[in-house]
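Okay, so here's the structure we're looking at.
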Amino acid sequence: MERVLRLCFLVVLGLVSQVARSEDRSRPRIVKTFEPVDLGRFQQIDPESLQRTIGQLERIHRKLGKPSPGDWLDQQKEVGQTFRQYVASDPVRPTGRRHILYVQPIGEFDAKQSEIVELASEYLALYMHTTVRLCKVLPSTTVPQKARREHPEWKVPQMLSTYLLKNVLKPRLPDDAAAYIAFTTTDLWPGRGWNFVFGQASLRDRVGVWSMYRNGDPSNSKADYLLCLRRTLRIATHETGHMFSLAHCIAYQCNMCGANHLQESDRLPLYLCPECHAKIAWAMGVDPIERYTQLSQFCKQHEMGWESAYYDQAIGLLRDP
Ligand SMILES: [Zn+2]
Ligand SMILES: [Zn+2]
């Protein structure tokens, strides 16, 4: 059986402790900034009022059933995390100086792929209720030959994910970054003994890199475009959720559920369950109805009917419990 890394990122604690002095330490250049409508104004929200929204929204959520063979929870032990546990855990929140999310494309992107990275940045601003800065593409020459290979059997070009974290992202990490998230369209591998990895992150260093290589070709058809968009939005929001201390969800079908393979990931919604939604609303200081309204508009504009219908239903329940 092939040895592959989990779909969810590999957390590399302590990976990026030393950065070579010779590396380029220039900061990323910003090409576009995305803001939620209130510019990400932080509102202190009473955890008890959010606890009540959990009760109001529960009825429109499906519990996570028994995992199928090969699914994430078939192979991983997870303890879950309630909203109360999250609040008590002193999670990472975008308060103080570090409150901006940076999205960094690396390498070659065609027009559709660039569009999807831009949409993911816009969506992330609404989802996380904070400023997102899209950075100028770093050319593929940023990654030297020593950090590249052709997969010995598949003959697919790959980039070394650990090099990207340590030598490309970490030296450029802006001081005000809550997280610095990179996308590439090239396949990634994390080193000797591995075939590939979907992505990799260091929570401690606030950097992560994910490949769109396995998200499909958005130029093929409308359906493939929407699939690639959905997959990219899921990676961006799920992984950024981890950056803000959200653990994997085991309560409901939820964007914060772990996934072991693409098919499992594709079955999960992009929205959050009531417990995970309360975490984001509290951590990012956003009113639930305001957040849902902006997300619903985005999803309608981009033909994501499943999600926009959910957000509209949730708004109705919160307005008239
Ligand atoms: Zn995860
Ligand atoms: Zn959840």
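The values are calculated or read from the model by the stated rules, or taken from the named source; none is laboratory data. No experiment lies behind these values; they were computed from the predicted model shown. Cβ sites come from the backbone with ideal geometry, for glycine too, and all protein chains shown count toward neighbours. Remember, those area values only see protein heavy atoms, side chains included, never the ligands or the DNA or RNA. Shrake-Rupley method; radii C 1.70, N 1.55, O 1.52, S 1.80 Å.
The residues of region 65-173 present an accessible area of 48 Å² per residue when probed at 1.4 Å with all protein chains retained. Split the accessible area of the chain by element, probe 1.4 Å, and carbon with sulfur accounts for 50%. As a calculated quantity, the FRET efficiency between GLN301 and LYS63 at R0 = 41 Å, using C-beta atoms, amounts to about 0.85. Extension gain for the segment GLN56 to ARG41, taken as residue separation times 0.36 nm less the Cα-Cα distance, is 2.9 nm to one decimal.
Summing +1 for each Lys or Arg and -1 for each Asp or Glu, what net charge is found among the other residues whose Cβ lies under 15 Å from the Cβ of ARG41? Mind dumping the intermediate values first?
Numbers: positive: ARG93, ARG291; negative: GLU35, ASP38, ASP287, GLU290.
That sum, taken over residues with Cβ under 15 Å, equals -2.
Rolling a 1.4 Å probe over the heavy atoms of the protein chains gives region 247-321 an accessible area of 32 Å² per residue. Close amide H partners of VAL103, meaning residues 5 or more places away or on another chain with modelled amide H under 5 Å apart, are ARG133, LEU134, CYS135, ILE181.
Of the peptides 220-227, 247-254, the ranking by mean beta-carbon count within 10 Å, highest at the top, reads 247-254, 220-227. Within the same chain, lysines fewer than 8 places from LYS300 are excluded, and of the rest, those with a Cα less than 18 Å from its Cα are LYS222. Overall size of the chain from C-alpha positions, given as principal axis extents largest first: 59, 44, 38 Å.
Taking 14 Å as the straight-line reach from the Cα of LYS166, the aspartates and glutamates in range (excluding those fewer than 8 positions away in the same chain) are GLU23, ASP24, ASP205.
When the Debye formula is applied to the Cα atoms of region 207-321, each taken as the same point scatterer, what base-10 log of I(q)/I(0) results at q = 0.10, 0.19 Å⁻¹? Taken in order of the listed q values, log10 I(q)/I(0) reads -0.31, -1.11.
Phi angles across region 186-201 convert, under the Karplus curve 6.51 cos²θ - 1.76 cosθ + 1.60 with θ = phi - 60°, into 3J(HN,Hα) values of 8, 5, 10, 9, x, x, 3, x, 10, 7, 6, 9, 6, x, 8, 8 Hz, Gly and Pro given as x.
Return the calculated 222 nm mean residue ellipticity for the chain, to the nearest 500 deg cm²/dmol, obtained by summing -39500 (n - 2.57) across DSSP H runs with n ≥ 4 and dividing by the residue count.
On the way: 9 runs with 107 residues, N = 321.
Using -39500 (n - 2.57) per qualifying helix, the result is -10500 deg cm²/dmol.
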